[in-house]
Amino acid sequence: MAKFKFTKGELKRQRDALGQFERYLPTLQLKKQQLQMEILRQRTILEEKRQQQAAKKQAVLAWAGLLSEPIALSPWLKPQKILSAVKNIAGIDIAVFQDVEFAPAEYDLFVTPLWVDAALVALRELILLREEITLLETGIEILRAQLRITAQRVNLFEKVKIPQAQEAIRRIKIYIGDQATNAVGRSKMAKRKIEALVLSGVAG
């Protein structure tokens with residue numbers, strides 16, 4: 001239990017603190033709920049993208065073995081730029097995938113086999129999915145870390161700060177009440193003594 005003084009000033013301070021805690025707690029609870037919902041949404045999207053990635057890999061593997069002429073496609077498959085936007089979720093910024101920019105595929109159409117165009121499209125789609133999945137995974141980790149912090153704060157307010165303030169207010173009020181009762185009792189005793197002295201003086 002935190003230390004506090006048994007004074008009216010401390011009572012006001014504890015009441016003010018309790019008011020702040022009770023005002024701030026719903027905001028934290030809402031943030032926690034928003035983060036939980038967004039993590040669930042992002043995980044659903046991530047799972048869909050992973051399934052798309054697996055399906056495209058299978059599709060590429062189905063015809064990749066049929067390619068008879070070895071052609072180095074890697075220069076045209078290396079991402080030059082990953083384009084993303086920033087999305088704010090409950091005060092947390094995460095990157096949202098938009099697109100990937102590749103170097104232009106410049107090759108002789110008369111010399112290069114016809115399958116190169118289709119291969120580039122399919123492989124670039126796989127790279128797009130890979131980059132999108134990476135950003136989704138990163139975003140989910142950021143949101144999870146923030147959810148842990150927010151949940152800890154909610155617990156701190158619900159289980160520690162608010163109960164402590166409430167208990168301090170209760171004990172200070174009891175103490176001040178007891179002091180007031182004692183003061184009244186002392187006042188009555190003093191009054192009786194004065195009256196007794198006055199009466200004894202009159203009698204004398």
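The values are calculated or read from the model by the stated rules, or taken from the named source; none is laboratory data. These numbers were taken from a predicted model, which means no experiment stands behind them. Virtual Cβ from ideal backbone geometry, glycine too; neighbours counted across all protein chains shown.
Restricting the first member to segment 113-130 and to residues that are farther than 19 Å from residue 46 by Cα, and the second to residues that are part of a helix (DSSP H, G or I) and at pLDDT below 85, the beta-carbon pairs closer than 7 Å and six or more apart or on different chains are 120/76; 122/60; 123/60.
Going by what's in this entry, would residue 148 be described as within 11 Å of the chain's Cα centre (by Cα) and at negative phi? Quick ask: steps written out before the conclusion?
Working: within 11 Å of the chain's Cα centre (by Cα): yes; at negative phi: yes.
Considered against the rule, which asks whether it is within 11 Å of the chain's Cα centre (by Cα) and at negative phi, residue 148 comes out as yes.
For segment 80-91, the criterion of a residue being at pLDDT below 90 and assigned to a strand (DSSP E or B) is satisfied by at least one position. Of all residues in segment 8-23, those being closer than 10 Å to residue 172 by Cα, basic (Lys, Arg) and either modelled with pLDDT of 95 or more or surrounded by 16 or more Cβ atoms within 10 Å (Cβ to Cβ) (or both) number 0.
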